[in-house]
Amino acid sequence: MAQLATFARVYVSDLNEGVALFATDARTTPRLKFSHASGLELALVGDVLILAGPQKVLDQFRSTQATVIVDDLDAAIAESIQYGGHLLREPASQPTGRNVTISYRTGAVIEYVEWSAAIREQVGL
């Protein structure tokens, strides 16, 4: 399993205001924007994944510290379990591909995502 990119996560109440914090020039405009079934709105700006929504919805995701894009989600799951990880959220289809959230005994909580070919092309991976 190859890790293709890692994104810090920033949680905000308003997506446009969150994007404005990071999109300071033409080189850092959002490469990706999409909505999640939970009610979240997301944007990828540089190496930051901005998650916006009502506090009640954001609170469900705040423990996740980073998003790691991988080339093979099933391999990422197997490797994570081998290193003591356990699934907090089962693998699921998302607008960008498939994801899973894994917690480690160290306290780290990581979302792994296998983007679809179209999304990888759109963001340049």
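Structure data summary
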{"item": "Hits in segment 93-116 - residues which are surrounded by fewer than 13 Cβ atoms within 10 Å (Cβ to Cβ) and polar (S, T, N, Q)", "result": "Ser93, Thr106"}
{"item": "Test: residue in segment 117-124 that is among the hydrophobic types (A, V, I, L, M, F, W, C), surrounded by fewer than 19 Cβ atoms within 10 Å (Cβ to Cβ), closer than 20 Å to Phe34 by Cα and touching a residue at least 12 places away in the same chain (Cβ under 8 Å)", "result": "yes"}
{"item": "When residues of segment 11-39 are limited to those that are open to solvent by less than 40 Å² (accessible area, probe 1.4 Å) and in contact with a Gly (Cβ under 6 Å, 6 or more places away or on another chain), the one farthest from Val123 (Cα to Cα)", "result": "Val12"}
{"item": "Selection within segment 69-87 - open to solvent by less than 30 Å² (accessible area, probe 1.4 Å) and touching a Ser or Thr at 6+ places or on another chain (Cβ under 7 Å)", "result": "Gly85"}
{"item": "Checklist (1) open to solvent by less than 70 Å² (accessible area, probe 1.4 Å); (2) modelled with pLDDT under 95; (3) among the charged types (D, E, K, R) applied to Glu90, failing item", "result": "(1)"}
{"item": "Count of residues meeting criterion [in a strand (DSSP E or B) and β-branched (Val, Ile, Thr)] in segment 66-125", "result": "10"}
{"item": "Pairs with Cβ under 9 Å, 6+ apart, first in segment 1-16 and under 14 Å from Ala76 (Cα atoms), second surrounded by 15 or more Cβ atoms within 10 Å (Cβ to Cβ) and among the hydroxyl-bearing types (Ser, Thr, Tyr)", "result": "Met1/Tyr112; Gln3/Tyr112; Ala5/Thr67; Thr6/Thr67"}
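The values are calculated or read from the model by the stated rules, or taken from the named source; none is laboratory data. The structure presented is a predicted model; accordingly, all values stated were derived computationally and were not measured. So basically every Cβ, Gly included, is an ideal-geometry build from the backbone, and we count neighbours across all protein chains shown. SASA here: full protein model, heavy atoms, side chains in, ligands and nucleic acids out. Shrake-Rupley method; radii C 1.70, N 1.55, O 1.52, S 1.80 Å.
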